[in-house]
Amino acid sequence: RLQESRERLTVCSKLCYAVGGAPYQITGCALGFFLQIYLLDVAQVDAFYASIILFAGRVWDAITDPMVGFFISKTSWTRFGRLMPWIMFSTPFAIISYFLIWFVPDISTGQVMWYLVFYCAFQTLVTCFHVPYSALTMFISREQSERDSATAYRMTVEVLGTVLGTAIQGQIVGKVDTPCVGSPFFFGLSNSSVALEELNMTHDTESLTDTRNAYMIAAGVIGGLYILCALILLLGVRERRESCELHSDEPVSFFQGLKLVMNHGPYIKLIAGFLFTSLAFMLLEGNFALFCTYTLGFRNEFQNILLAIMLSATLTIPFWQWFLTRFGKKTAVYVGISSAIPFLIAVVVLDSNLIVTYVVAVAAGISVAAAFLLPWSMLPDVIDDFKLQHPSSHGHEAIFFSFYVFFTKFTAGVSLGISTLSLDFAGYQTRGCSQPGQVHFTLKMLVSAVPVGLILLSLLLFKLYPIDEEKRRKNKKALQDLREESNSSSESDNTELASIV
């Protein structure tokens, strides 16, 4: 009981830990929802090159996760911990590179390389923040219930971060009308019509400049929030070291640990299930702004529809935390993720109606909340199961978290690149006021049919996941006995040493 009371976290500690998850979600949501439409309609990058930027950036983002996990596993403990220094030093450089993503350089050539370099640079630096932050879950407390509670706090703040990312980016950018180009007309232009066209082009140029400035203002506000959240995390959370690791400063073998992790069955099955779930929601996130703008015809409302989804997700995180503690995490997966299917179908099947779209957005947000919470709540259970099977192997937490993120990001990068490329093949018109019928059909497939198929596949894979509530309780008891045995052994060694002295 004394040991459990020492491991309990205060509400303040949980909140400070949770706030650290906001920067990744705020920036990720802004990039996920708005980068594609920004590259196509504001920076005016060709759809083919935009698909290359999005694909390469996502794939590079995926590759950096195991790389950072490797370097973290080789990092020695400092007085600040092993994970905190990574968060501390990556923050200022991440903010600079994020701002430059939303800046349109005044260069005739090399624009594609500009966005590719700074997008990849930001993904690397935000990975240096997020991988150690994710692994920090295992070092704030050794009590499973406390980690689950802290994870619920974290997911609530992270979904709130997506709301902030959507609101800040959407509301600032939405105040400015991005000019679009209509179909050509007036085949026999007179002097007056030429003058009118020149006047319209001048107005479009000014409007486009205002839109670009709005994107940079939003980037500055989000960068300020990134710094604030990082400071709260660094000042309010203490990284705890496992007692079994106190006797050795030797870095663990990364490749030996990687081999053990990849041979752990529950981890592979959990990754496989959430891999397809993440793909479904990534496709929805990346194409929803275009779908609302062109297919549904809500050019001036899409940022508010996105905000409705994220607000709904934020408010339902506590419900899903209660649900998984009451009915179990596997049941929460089945109910939570499958609840998105009818609404993804409805948004495409029903006629374009703003009220219906808002209702569907709120309902879909409930499922988004489950998709946010459950992977990070279930991953610590897998790590506990691994520790029981390999009690002498320590320090592999960063490998578990980094490779989980690696697989989801890699496949998401491939899917997002293919989706943007498919829009190019369908005949997407940059800055067009309307799009061809093939583009509308492609967008419907990308936000409805494909995500529904991926969710159904993920639910089939979750049937193979072996850690149910009974198994989780047994692991908790066995791990607690193992730690008590380790602590009592350590105390006896100290007593023996004292008697010798």
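The values are calculated or read from the model by the stated rules, or taken from the named source; none is laboratory data. Keep in mind the model is a prediction, meaning the values are calculated, not measured. In this analysis, Cβ positions are derived from the backbone assuming ideal geometry, glycine residues included, and neighbour counts consider all displayed protein chains. Surface areas here come from the heavy atoms of the whole protein model, side chains and all, with no ligands, DNA or RNA. Shrake-Rupley method; radii C 1.70, N 1.55, O 1.52, S 1.80 Å.
Here the range 328-340 is the region considered, the condition is being free of Cβ contacts under 8 Å to residues at least 60 places away in the same chain and open to solvent by 30 Å² or more (accessible area, probe 1.4 Å), and the residue that is farthest from Cys292 (Cα to Cα) is Thr331.
All told, Ile87 falls short of being under 15 Å from Gly220 (Cβ atoms) and buried (at least 20 other Cβ atoms within 10 Å of the Cβ).
Matching residues to (1) touching a Pro at 6+ places or on another chain (Cβ under 7 Å); (2) over 30 Å from Thr420 (Cα atoms):
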residue	(1), (2)
Thr10	no, yes
Gly20	no, yes
Tyr38	no, no
Asp46	no, no
Ile52	no, no
Leu83	yes, yes
Phe93	no, no
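Is at least one residue of the range 309-320 open to solvent by less than 40 Å² (accessible area, probe 1.4 Å) and more than 22 Å from Thr156 (Cβ to Cβ)? There is no residue in the range 309-320 that is open to solvent by less than 40 Å² (accessible area, probe 1.4 Å) and more than 22 Å from Thr156 (Cβ to Cβ). For beta carbons closer than 9 Å, sequence separation of 6+ or different chains, a first residue in the range 91-105 that is more than 21 Å from Leu39 (Cβ to Cβ) and a second that is part of a helix (DSSP H, G or I) and open to solvent by 30 Å² or more (accessible area, probe 1.4 Å), the qualifying pairs are Thr91/Leu125; Thr91/Ile227; Thr91/Leu231; Thr91/Leu234; Pro92/Ile227; Phe93/Ala121; Phe93/Leu125. Restrict the check to the range 22-29 and report whether at least one residue is over 23 Å from Thr151 (Cβ atoms) and open to solvent by 10 Å² or more (accessible area, probe 1.4 Å). Checking the range 22-29: not a single residue is over 23 Å from Thr151 (Cβ atoms) and open to solvent by 10 Å² or more (accessible area, probe 1.4 Å).
Residue pairs whose Cβ atoms lie under 7 Å apart, sitting 6 or more positions apart in sequence or on different chains, and linking a residue in the range 166-177 that is assigned by the TED database to the domain that holds Arg212 to a partner that is charged (D, E, K, R) and open to solvent by 30 Å² or more (accessible area, probe 1.4 Å), are Val176/Asp210. Scan the range 348-357 and tell me whether some residue there is within 23 Å of Gln25 (Cα to Cα) and either touching a His at 6+ places or on another chain (Cβ under 7 Å) or buried (at least 17 other Cβ atoms within 10 Å of the Cβ) (or both). Taking every residue of the range 348-357 in turn, none turns out to be within 23 Å of Gln25 (Cα to Cα) and either touching a His at 6+ places or on another chain (Cβ under 7 Å) or buried (at least 17 other Cβ atoms within 10 Å of the Cβ) (or both).
In the range 141-156, which residues are under 13 Å from Leu374 (Cα atoms), charged (D, E, K, R) and at pLDDT 80 or above? Of everything in the range 141-156, just one residue is under 13 Å from Leu374 (Cα atoms), charged (D, E, K, R) and at pLDDT 80 or above, namely Arg154. For Phe462, the conditions (1) open to solvent by 70 Å² or more (accessible area, probe 1.4 Å); (2) of a type outside the set (Lys, Arg); (3) closer than 30 Å to Met138 by Cα are fulfilled apart from (1).
For the range 472-483, filtering for residues that are charged (D, E, K, R), surrounded by 14 or more Cβ atoms within 10 Å (Cβ to Cβ) and closer than 21 Å to Phe327 by Cβ leaves 2. Annotation: of all residues in the range 76-96 being part of a loop (DSSP other than H, G, I, E, B) and not charged (D, E, K, R), the one that is nearest to Thr137 (Cα to Cα) is Leu83. On inspection, Ser367 does not qualify as touching a Leu at 6+ places or on another chain (Cβ under 6 Å) and either open to solvent by less than 50 Å² (accessible area, probe 1.4 Å) or within 28 Å of Thr162 (Cβ to Cβ) (or both). Thr109 fulfils the conditions (1) outside any helix (DSSP H, G or I); (2) open to solvent by less than 40 Å² (accessible area, probe 1.4 Å) except for a single criterion, (2).
Could you look through the range 381-409, keep only residues that are aliphatic (A, V, I, L, M) and open to solvent by less than 20 Å² (accessible area, probe 1.4 Å), and pick out the one that is modelled with the highest pLDDT? Spell out the reasoning first.
First, the residues of the range 381-409 that are aliphatic (A, V, I, L, M): 382-383, 388, 398-399, 405.
Checking the rest, the ones that are also open to solvent by less than 20 Å² (accessible area, probe 1.4 Å) come to 382-383, 398-399, 405.
Numbers: Val382: 88, Ile383: 85, Ala398: 70, Ile399: 76, Val405: 74.
It comes out as Val382.
Would it be correct to say that Trp60 is open to solvent by 20 Å² or more (accessible area, probe 1.4 Å) and touching a Cys at 6+ places or on another chain (Cβ under 9 Å)? Yes: the conditions hold for Trp60.
Kindly establish whether Phe343 is under 20 Å from Ala313 (Cα atoms), of a type in the set (Phe, Trp, Tyr) and open to solvent by 20 Å² or more (accessible area, probe 1.4 Å).
The answer is yes for Phe343.
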